[in-house]
Amino acid sequence: MRDQWNYASTVGSTFSWSQFLWLVFIFVGVPTLIGVVVIRLVLQSERSARTGTGNFGLWATGAIAFLLGFLACAGWLSWSADQRGEVRGPGLPAPNAFPTWQVLACGATVVLVCFAAAHLSRWAMAGGLAAAAGTTAGFTTAFTVSASTDVTGQSAVGIILSEIGWGLSLGVLMLVRGVWLNGRRERSS
């Protein structure tokens, strides 16, 4: 088993900065900019009163969420454990097989860091969406680091699925959170 890991770590493990930057621009930057337009529209309807629980603006919320999303992906998916308890990683290329508990822990961590970043924002809806966009962009950027070592180009599909999956699921969670916070605020006033 260890020989397979050594072989896998030498095949296609050349990191390409140009490929990384191009993948991040196309598959992370462009969708995030589209998200920024949506967040800005939501913010315009929310400007009348401070609706969130924290003190940070949208850019700070998004930046914190980006960092936390990046760390969640790198922390959970840069190594892997097998059934015999052997651990592989961290390193490039990242492992491509993970135990179920590790994937679930990674997903739970991503959702929790998104909620934590949203809690820091002074805007309930727009801040939650900024946290969702930042977490998604951070996670997908970390995922792109490993994809930059792929010579087949198939990792681009994983990047797209990551961006769409996390973007939509975290966006919906943050909208539900925003509606709940705004409803609670209206009931108390």
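The values are calculated or read from the model by the stated rules, or taken from the named source; none is laboratory data. Note that the coordinates shown come from a computational prediction; the quantities given were computed from them, not determined experimentally. Cβ coordinates were reconstructed from backbone atoms using ideal geometry, including for glycine residues, and neighbour counts include every protein chain displayed. These accessible areas exclude ligands, DNA and RNA; they are computed on the full protein's heavy atoms, side chains included. Shrake-Rupley method; radii C 1.70, N 1.55, O 1.52, S 1.80 Å.
Stretching the chain fully between I164 and W17 yields a gain of 50.6 nm (0.36 nm per residue, less the alpha carbon separation). How high is the relative contact order of the stretch 81-189, in percent, with contacts defined as C-alpha pairs under 8 Å that are six or more residues apart? Worked out over the stretch 81-189, it gives 27 percent. When the alpha carbon gyration tensor of the stretch 74-183 is reduced to an equivalent ellipsoid, its three semi-axes come out at 29, 16, 10 angstrom, largest first.
Take the Cα of T152, step 7 Å toward its Cβ, do the same at E86, and the gap between the two points is 2.2 nm.
Ranked from largest to smallest solvent-accessible area, with a 1.4 Å probe on the protein heavy atoms, R40, R185, R177 come out as R40, R185, R177.
What does the highest-first list of 106-114, 133-141, 30-38 look like by mean Cβ count within 10 Å? Could you put the intermediate results ahead of the total?
Values: 106-114: 18.4, 133-141: 29.4, 30-38: 14.8.
So the order, starting with the most tightly packed, is 133-141, 106-114, 30-38.
Under the simplified labelling scheme, the N96-T53 pair shows an inter-label distance of 4.1 nm, with each label point 7 Å from Cα along Cα→Cβ. Length gained on full extension, V37 to F25: 2.6 nm, using 0.36 nm per residue less the C-alpha separation. Accessible surface of the chain, 1.4 Å probe: 68 percent of it comes from carbon and sulfur atoms.
Give me the accessible area per residue for the chain, probe 1.4 Å, as a whole number in Å².
Values: 10440 Å² over 189 residues.
Result: 55 Å² per residue.
If you bin all the Cα-Cα distances of the chain at 10 Å, starting from zero, the percentages per bin are 10, 35, 30, 17, 7, 2, 0.
Over the chain, what relative contact order in percent results from Cα pairs under 8 Å that are six or more residues apart? Kindly include the intermediate steps, with their values, before the conclusion.
Values: 281 pairs, mean separation 60.1, N = 189.
The normalised contact order for the chain reaches 32 percent.
Can you give the local net charge around A126? Use residues other than it whose beta-carbon is closer than 13 angstrom to its beta-carbon, Lys and Arg +1, Asp and Glu -1. Working shown, then result.
Values: positive: R40, R47, R50, R122, R177; negative: E46.
Local charge sum for A126: +4.
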